[in-house]
Structures are given as C-alpha cells and as structure tokens.
Amino acid sequence: MNDNPAIPQSLSGTTYPSADTIFAKIVRREIPAKIVYQDEFVTAFHDINPVAPVHLLIVPNKIIPTLNDVSPDDEQLLGKLLLTAQHLAKEYGIDKTGYRVLMNVNNDGGQVVYHIHLHLIGGRALGRMVSRGES
Ligand code: 5GP
C-alpha cells in the first residue's frame with residue numbers, strides 16, 4: 001500500500017474488463033508495485049527493471065492491449081496519459097533536464113506487456129532514440 005494521500009485507496013465506480021494483465025493487477029492493487037500516482041483513469045508506478053534513475057510506467061486503468069486497439073473514444077484517455085507524464089516529469093525534477101516518453105507496440109516495437117503504457121524515462125542523458133540495427 002502507498003501512503004501518498006494523492007492516491008485513492010479505492011477506485012469505487014471504476015469497472016474493469018474481464019481480460020487481465022499484470023498491469024491491471026497492479027491497478028487493482030492485487031500485486032505490489034511502487035505506485036506514484038493514481039486516479040479514476042490512469043495509474044503510474046516504477047518500472048520493476050529501470051533503465052535510468054527515473055523510469056515510470058503510466059497505464060490506463062482500462063485494459064487496451066496495444067496502440068492499434070485504441071479508438072476515438074479513448075482520445076481523452078490518451079491525453080490524460082501524456083499529461084500524467086508531464087506532471088510526473090516535473091515532480092521527479094527531470095522536466096528541465098529532459099526525458100523520454102515512449103510507447104512500444106507489438107513485437108518489433110519491443111512490447112512485452114499487452115496493456116498500453118507510456119514509459120517515462122529520465123535522470124541521465126539517454127543518447128540515441130533507437131540503436132541502429134544490422135539491417
Ligand atoms: P514494454 O516492453 O511492454 O513496453 O514494457 C514493459 C515494462 O514493464 C518493462 O520495462 C518491464 O520492466 C516492466 N514490467 C514488467 N513486469 C512488471 C511488473 O510486474 N511490475 C512492474 N513494476 N514493472 C513490470
């Protein structure tokens with residue numbers, strides 16, 4: 001459990017689809033995670049395997065497997081994910097130094113968890129956006 005008063009302990013009224021993901025379990029607090037922000041729509045928590053001093057994941061509470069599955073009904077939700085990234089970048093003091101926000105999609109994009117999420121990464125110089133592959 002977190003002790004951050006900004007995070008509601010219960011999300012009563014929020015409904016979840018029957019499909020499940022590890023991130024949905026984190027949203028519902030069925031498995032532990034270092035949650036740093038939660039509201040009716042989104043949840044943000046520390047990546048279990050951080051690649052930089054700041055590495056947060058920002059997920060919709062609702063399960064959407066990939067960016068391909070987003071619909072126009074999700075327009076506001078997508079904005080909410082980005083505004084949460086903006087807010088947390090400031091809170092973690094990386095808004096001025098810089099950071100990267102990214103979403104992986106499917107196999108070539110390196111997506112591992114099929115519940116869309118933004119990575120918010122910063123706290124060090126991140127170098128090239130994508131390493132050059134062999135082909
Ligand atoms: P993807 O490759 O799908 O864009 O990123 C999935 C991310 O989720 C990875 O960076 C991975 O370290 C993180 N991750 C996977 N399982 C868990 C977990 O159980 N808890 C947390 N906090 N992060 C996880």
Pairs, first farther than 14 Å from Ala125 by Cα and touching a residue at least 24 places away in the same chain (Cβ under 8 Å) in the range 39-56, second hydroxyl-bearing (Ser, Thr, Tyr) and more than 9 Å from the ligand (Cβ to nearest atom), C-beta under 8 Å, six or more apart: Glu40/Thr14; Val42/Thr84; Ala44/Tyr37; Ala44/Thr84; Leu56/Tyr92
Residue in the range 76-94 that is surrounded by 14 or more Cβ atoms within 10 Å (Cβ to Cβ), touching a His at 6+ places or on another chain (Cβ under 6 Å) and either at pLDDT 95 or above or among the β-branched types (Val, Ile, Thr) (or both) present: no
Candidate set: the range 89-135, residues that are of a type in the set (D, E, K, R) and under 19 Å from Asn49 (Cβ atoms); chosen: the one nearest to the ligand (Cβ to nearest atom): Arg100
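The values are calculated or read from the model by the stated rules, or taken from the named source; none is laboratory data. None of these values were measured; they are calculated from a predicted model. Glycine also receives a Cβ, built like all others from the backbone with ideal geometry; neighbour counts cover every protein chain displayed.
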